[in-house]
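Here is the structure we will look at.
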Amino acid sequence: MMSRLRSPWILLLPSIVLMSALFGWPLVQAVLEAFRGGDGFTLANWDRLFDDPYVLPALRNTLLLIAIVVPVQLVLAVAMALLMQAWPRFAGGHFYLWCLPLAISELAAGLVWLSIFDNRGYLNSLLVGIGLSDDGVQWLGYRNAGTMLLAVVVAEIWRATSLVFVIVVAGVQMIPRDYDEAAQVFGANLWQRLRHVTLPLLGPSLQVALILRTILALQAFAVAQALTGRDFPLLVGETYEWYANLQNPAVASAVSLIVLAISLATAVFYLRAVRQPEQAR
């Protein structure tokens with residue numbers, strides 16, 4: 001009897017050790033570093049963090065990026081997956097074409113979009129060429145926070161929608177076609193089938209996609225860095241700034257704990273908001 005009780009824990013032991021080494025111990029170290037000073041426990045690192053003029057704009061920009069990018073990517077991914085299902089003849093071509101950005105690194109994607117949004121980039125050349133602007137638009141100017149946000153949002157949507165798309169495609173392929181055909185027999189239109197059949201059955205896939213994409217959006221750094229530098233600060237960028245440039249690991253750990261707290265809060269929210277059909281009933 002005791003051997004039966006111990007066997008699951010023995011099987012889980014390698015995973016527990018690995019997670020403790022890769023996540024648990026660094027987390028403990030980050031917490032200790034963020035609250036440790038020369039005389040022991042202190043909040044001086046947090047005071048210094050919130051006195052920095054870049055931190056609150058970085059928090060605002062990160063939350064804005066998540067609020068805009070994640071819903072748009074989710075809608076696009078579901079639409080692309082349903083389009084691929086509706087036209088199976090071109091499914092292979094659509095899949096490889098839409099997944100192409102996954103093969104491009106974040107920094108490379110940022111440099112590609114920098115060549116488009118730069119003052120002398122392709123977009124301004126097009127606007128001047130067709131007569132919509134005389135000198136172009138300062139898309140990435142430090143005074144134009146709205147256009148900088150737009151540039152980063154467009155670059156992130158182009159770069160990372162394919163990740164959500166792959167997850168949603170896997171979920172769509174697991175839904176039996178009988179459900180959709182039965183709804184058609186009973187007279188349900190496209191929107192009704194999407195709302196009452198497809199999306200509820202996609203609940204587990206949407207949970208995974210939302211949690212993963214939100215965490216990755218919180219970690220967005222290279223694209224914004226290539227496009228705007230520190231003119232459009234993000235939380236992970238501030239972590240790098242404090243650790244690498246300002247040589248202050250304690251404040252960098254405090255920023256990383258803010259990122260962790262937001263990640264956990266959004267994950268809990270998604271797990272409660274997007275439920276499987278059995279749980280919803």
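Applying a length cut-off of 15 Å (Cα extent along the axis) and a mean Kyte-Doolittle floor of 0.5 to the DSSP H helices of the chain leaves 2-19, 55-86, 106-117, 145-173, 203-218, 249-273. Summarise the accessible area of the chain (1.4 Å probe, protein heavy atoms) by the percent that is carbon and sulfur. Here it works out to 66 percent. Accessible area per residue for region 1-108, computed on protein heavy atoms with a 1.4 Å probe, is 71 Å².
Summarising the amide proton neighbourhood of ARG36: residues at separation of 5 or more, or on other chains, whose placed amide H is nearer than 5 Å comprise THR42.
Largest GNM mean-square fluctuation across ASN245, ASN124, ASN144, computed for the chain with C-alpha springs under 10 Å, falls on ASN245.
Normalised by 2.2 N^0.38 Å, where N is the number of residues, the alpha-carbon radius of gyration of the chain equals 1.23. Taking the Cα centre of the chain as reference, the dipole from Cβ charges on Lys and Arg (+1) and Asp and Glu (-1) amounts to some 960 debye. Taking SER256, SER205, SER133 in turn, the Gaussian network model of the chain (Cα-Cα springs below 10 Å) assigns the largest fluctuation to SER133.
The values are calculated or read from the model by the stated rules, or taken from the named source; none is laboratory data. Keep in mind that what you see is a predicted model, and the values were worked out from it rather than measured. Note: ideal-geometry Cβ built from the backbone for every residue, glycine included; neighbour counts use all protein chains shown. We work out accessible area using only protein heavy atoms, side chains counted, and drop any ligands, DNA or RNA first. Shrake-Rupley method; radii C 1.70, N 1.55, O 1.52, S 1.80 Å.
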